[in-house]
Amino acid sequence: MDVGLVTGSAGLIGSESVRFLSQQGYQVVGIDNNLRQYFFGQQASTEWNRQRLQTTVPNYKHHAVDIRDQSAVDRVFSEYGSDIKIVIHTAAQPSHDWAAREPITDFTVNALGTMLLLEATRQHCPDATFIFTSTNKVYGDAPNRLPLVEQETRWELDAAHPFHVRGIDESMSIDQSLHSIFGASKVAADVMVQEYGRYFGLNTGVFRGGCLTGGAHSGTKLHGFLSYLMRCCVEGLPYTVYGYGGKQVRDNIHSSDLVRMFWEFHQNPRPGEVYNAGGARHSHCSMLEAIAMCEARAGRKLDYTYATENRSGDHIWYVSDVSKFRAHYPGWNHQYSLDDIMDEIYASWDQRLTRKAA
């Protein structure tokens, strides 16, 4: 049986990948040691999702392995060898703020861990497709140099700029900008994934995500913007908006739409290719607009305060241009609107908190 290997398998994108590959008839091997709990505390644990995968997904086998442990990673890959047809690498330390607390941990997880997975793929299953979930933070704060116009509820790109209609494309430089420690470690991994495609000829693909979201997200204060925002609104928790008048804009892509991008790439890989992967103009909002959407669903006001100082390296306006991917893979398109995403996140938190109270 063909094998799909997924790192970060109990997380948002990982678990979506597990379910998708199982539906395609793959035996799915998951690697996840719930390091997210170490990063963000018990409330961010993905244990609930791991248990759900193991009880509901046929042909799923879980390995509680740290991707920084070379011998453990090698043992998993050697067990399945050339039967591994696709590797979807979603495991990461994903937070700007947390990375500054422990830069070495951040770098070893994001950069070294990726390197070890690439090498294991080259040694044991060199014909497999290797998918890497990178981030728009590899562009650092370069997008903040774009000509922006302040509107009532958002910042918007000047209509005369070439990026206005579709968003930011892959021509944006990743050099000479403030990235945050997290952004820099992801740059290292991003470039290495490209290099294993271009230099060694592996079927690697880099997907620079916008805000990745969906009902399976274990949103927390330091990571998971829409999920945590909704949780605070539903549960009555305090929330802090950092800088830019709360008008900073993000695009948001549902985990299912992103995983379908991975699958399209797997059908016809382009080694070393890079794609921006987000909600694009199809699904984007400002912080203030997102708050209003959460409040409408929760039926209550969000208890939030405003801090004038923005997070270091944070984007004021970021919307992904996905037209390059669409040109290469015309069978793909977004299926989830922003309203669909918000409805699902609300239902997920409402259900989880109801179970917790029972």
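The values are calculated or read from the model by the stated rules, or taken from the named source; none is laboratory data. Just so you know, these numbers come straight off a predicted model, no measurement behind them. Methodologically, a virtual Cβ is constructed for each residue, glycine included, from the backbone with ideal geometry; neighbour enumeration extends over all protein chains shown.
Here are a few things to note about the model shown:
- Matching residues, region 156-190, being of a type in the set (D, E, K, R) and loosely packed, with under 13 Cβ neighbours inside 10 Å: D158, D175
- Given (1) in contact (Cβ under 8 Å) with a residue 40 or more places away in the chain; (2) under 27 Å from M342 (Cβ atoms), index of the condition G205 fails: (2)
- Applying the condition of being surrounded by 14 or more Cβ atoms within 10 Å (Cβ to Cβ) and among the β-branched types (V, I, T) to region 291-327 and asking which residue is farthest from D169 (Cα to Cα) yields I291.
- Qualifying position, being under 30 Å from D127 (Cα atoms) and of a type outside the set (S, T, N, Q), among L288, L258, L229: L258
A quick yes/no check of all residues on (1) farther than 22 Å from A120 by Cβ; (2) not small (G, A, S):
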| residue | (1), (2) |
| --- | --- |
| W48 | yes, yes |
| H63 | no, yes |
| D69 | no, yes |
| A72 | no, no |
| G81 | no, no |
| H96 | yes, yes |
| E102 | yes, yes |
| F107 | no, yes |
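- When A100, A128 are checked against the criterion of being modelled with pLDDT under 95 and out of contact with any Phe, Trp or Tyr (no Cβ under 6 Å at 6 or more places or on another chain), a single residue qualifies: A100.
For every residue, the table says whether it meets (1) among the polar types (S, T, N, Q); (2) under 28 Å from S17 (Cα atoms); (3) in a strand (DSSP E or B).
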position: V138; (1), (2), (3): no, yes, no
position: T153; (1), (2), (3): yes, no, no
position: P162; (1), (2), (3): no, no, no
position: A184; (1), (2), (3): no, yes, no
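- Yes/no for T133 being closer than 24 Å to G14 by Cβ and assigned to a strand (DSSP E or B): yes
- Condition met for T108 (modelled with pLDDT of 95 or more, assigned to a strand (DSSP E or B) and among the polar types (S, T, N, Q)): no
- For beta carbons closer than 6 Å, sequence separation of 6+ or different chains, a first residue in region 12-26 that is under 11 Å from D2 (Cβ atoms) and a second that is at pLDDT 95 or above and surrounded by fewer than 22 Cβ atoms within 10 Å (Cβ to Cβ), the qualifying pairs are Y26/D2.
- Taking region 302-322 as the range and being in contact with a strand residue (DSSP E or B) (Cβ under 9 Å, 6 or more places away or on another chain) and under 26 Å from E273 (Cα atoms) as the test, the residues that pass are D314, H315, W317, Y318, V319, S320, D321, V322.
- Answer residue from region 56-72, given it is of a type in the set (A, V, I, L, M, F, W, C) and surrounded by fewer than 22 Cβ atoms within 10 Å (Cβ to Cβ) and is farthest from Q351 (Cα to Cα) among those: A72
- Taking each residue of region 343-356 that is within 15 Å of M293 (Cβ to Cβ) and looking for partners that are hydroxyl-bearing (S, T, Y) and at pLDDT 85 or above with beta-carbon atoms closer than 6 Å, six or more apart or interchain, yields I345/S227.
- The criterion of at least 2 residues that are closer than 20 Å to K186 by Cβ and at pLDDT 95 or above is met by the following helices (runs of 4 or more DSSP H) wholly inside region 1-93: 12-23.
- Residues within region 249-274 that are under 17 Å from the mean Cα position of the chain (by Cα), part of a helix (DSSP H, G or I) and among the polar types (S, T, N, Q), tallied: 2
- For region 124-146, the condition holds for no residue, the condition being that it is touching a residue at least 60 places away in the same chain (Cβ under 8 Å), surrounded by fewer than 17 Cβ atoms within 10 Å (Cβ to Cβ) and under 27 Å from I341 (Cβ atoms).
Each row is one residue, and each column tells you yes or no for (1) surrounded by fewer than 22 Cβ atoms within 10 Å (Cβ to Cβ); (2) not hydroxyl-bearing (S, T, Y).
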| site | (1), (2) |
| --- | --- |
| V6 | no, yes |
| L12 | no, yes |
| S17 | no, no |
| F20 | yes, yes |
| L35 | yes, yes |
| E47 | yes, yes |
| Q54 | yes, yes |
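- Those residues of region 193-213 which are assigned to a helix (DSSP H, G or I) and either small (G, A, S) or out of contact with any helix residue (DSSP H, G or I) (no Cβ under 6 Å at 6 or more places or on another chain) (or both), in sequence order: V193, Q194, E195, G197, R198
- Scanning region 265-287 for residues that are under 22 Å from M342 (Cβ atoms) and buried (at least 19 other Cβ atoms within 10 Å of the Cβ) yields a total of 10.
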